[in-house]
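Scroll down for the structure; my scribbles are underneath it.
The values are calculated or read from the model by the stated rules, or taken from the named source; none is laboratory data. These numbers come from a predicted model, not from an experiment. Every residue, glycine among them, receives a Cβ derived from its backbone with ideal geometry; neighbour counts consider all protein chains shown. Surface accessibility is based on the protein's heavy atoms, side chains included, excluding ligands, DNA and RNA. Shrake-Rupley method; radii C 1.70, N 1.55, O 1.52, S 1.80 Å.
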Amino acid sequence: MRNLDQTAYYGNIRTVPYDLIKELTLALIGTLVLMTGLTIFLSSPDQPPETIQSWAQNDPVDLVTTAAGELAGTTVSAQYGAPYNDGTSSVQSLGFFSPQAWFGVRQPVDPANDFVLNPLQRASVGNADLSAALASYKNADAKQRQAWLDAYTKALADAKVGDDGKIAIAGGDYGPLPTMMDNLLRLARAGGLDGALVTNGRFYQTDYTLPLLFMGDGGYLAGLAENGHLLGNQWGMMNETGSYPGQSWLWLYTMWYQLPPFAGNANADLMVVLLMALLSLALVLIPFIPVIRDLPRWLPIYRLIWRDYYREERSDRETPAPAPAGSAG
């Protein structure tokens, strides 16, 4: 092959000048202007994080009612099932297919002890009244505990928060529960319960499973989600509040929750995961699926996108080649 210099090699190729620095500068300026505008008009508010402390301060009756439910074993967490405990209320399956049950309990959670009794036990050091109340509760038989919890939970339905911050309920036989819940509420308001539920003995305290489960059992967090339009029947898996846009890439996941047979189905999470897995697999296998893989050839959209190139190519084919120099006329 004959060696060609760069000028000869590119001699028959049409080129145009291109200022890369100018192009990058304009792109950066345009992107900055667009991002600034979108931030001004579409950005979401910077909401402070919700904690057990804020829950105790804003809705103490709900926190105490939830704590009583944890002791009674009637909350979602207490009956959840894998991976937290041996319950069954939140275990999803499609016939025999139930990965949640197959993997079993991998992160044991005992709501009564983890959310209520253990934190109170640590807080009872130097608190004789609380120590006596805990001893009375633990020494009582299951029937007596349940009687106290039933009466106390019923009384909480009409509870009021006094000026001193304590919860006032009608008189009744509640055993040691008022003393226990008063101390739990004070611990939560001081921020101590948040710390108690993330303490795991490691250097980094980054496991928020327990506080999230505890807050999820109450009505406070759900009420905030409803006010922020974050419920499953509103937006579903989003991270922004109000009418502000969240992760738009999640629209395909959240869409299925609004459609039958997923909407209102107890196994919706498992169904959506399986459907998205099948759709993702189909996307990967497009080059091997007959008919679908041929659509780009049958629907030549690429010619519309690169119409300038094909127009010039056709023009070059239709233009006669110049006659060789020195040829006869």
Can you say whether residue 225 is without any contact (Cβ under 8 Å) to a residue 60 or more places away in the chain and open to solvent by 40 Å² or more (accessible area, probe 1.4 Å), as far as the supplied structure shows? no
Any residue at all in segment 29-52 that's of a type in the set (Phe, Trp, Tyr) and either outside any helix (DSSP H, G or I) or at pLDDT 95 or above (or both)? no
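Out of all the residues in segment 204-222, which are among the hydroxyl-bearing types (Ser, Thr, Tyr), surrounded by fewer than 17 Cβ atoms within 10 Å (Cβ to Cβ) and either under 18 Å from the mean Cα position of the chain (by Cα) or closer than 12 Å to residue 63 by Cα (or both)?
Within segment 204-222, 206, 208, 209 meet the criteria.
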Can you tell me which residues in segment 174-192 are part of a loop (DSSP other than H, G, I, E, B) and under 20 Å from residue 119 (Cα atoms)? 175, 176, 190, 191
Hey, can you tell me all the residues within segment 246-304 that are part of a loop (DSSP other than H, G, I, E, B) and either in contact with a Cys (Cβ under 7 Å, 6 or more places away or on another chain) or of a type in the set (S, T, N, Q) (or both)? 247, 258, 265, 267
Of the residues in segment 306-315, those that are part of a helix (DSSP H, G or I) and surrounded by 10 or more Cβ atoms within 10 Å (Cβ to Cβ) come to 307, 309, 310, 311, 312, 313, 314
Taking only segment 253-278 into account, find how many residues are more than 20 Å from residue 100 (Cα to Cα) and in contact with a Leu (Cβ under 8 Å, 6 or more places away or on another chain). 1
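Of the residues 165, 201, 126, 171, which single one is under 23 Å from residue 61 (Cβ atoms), open to solvent by 70 Å² or more (accessible area, probe 1.4 Å), in a loop (DSSP other than H, G, I, E, B) and out of contact with any Ser or Thr (no Cβ under 8 Å at 6 or more places or on another chain)?
171
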Going by the conditions given, is residue 232 over 24 Å from residue 90 (Cβ atoms), part of a loop (DSSP other than H, G, I, E, B) and modelled with pLDDT under 85? no
Kindly list, by first and then second residue, each pair from a residue in segment 151-165 that is within 15 Å of residue 67 (Cβ to Cβ) to a residue that is among the small types (Gly, Ala, Ser) and modelled with pLDDT of 95 or more, limited to pairs with Cβ atoms under 6 Å and residues at least 6 apart or on different chains. 152/68; 153/68
Can you give me the number of residues within segment 76-113 that are in contact (Cβ under 8 Å) with a residue 24 or more places away in the chain, under 22 Å from residue 141 (Cβ atoms) and either within 23 Å of the chain's Cα centre (by Cα) or open to solvent by 30 Å² or more (accessible area, probe 1.4 Å) (or both)? 3
Of 72, 68, 142, 151, the only residue that is surrounded by fewer than 16 Cβ atoms within 10 Å (Cβ to Cβ), of a type in the set (Gly, Ala, Ser) and at negative phi is 142
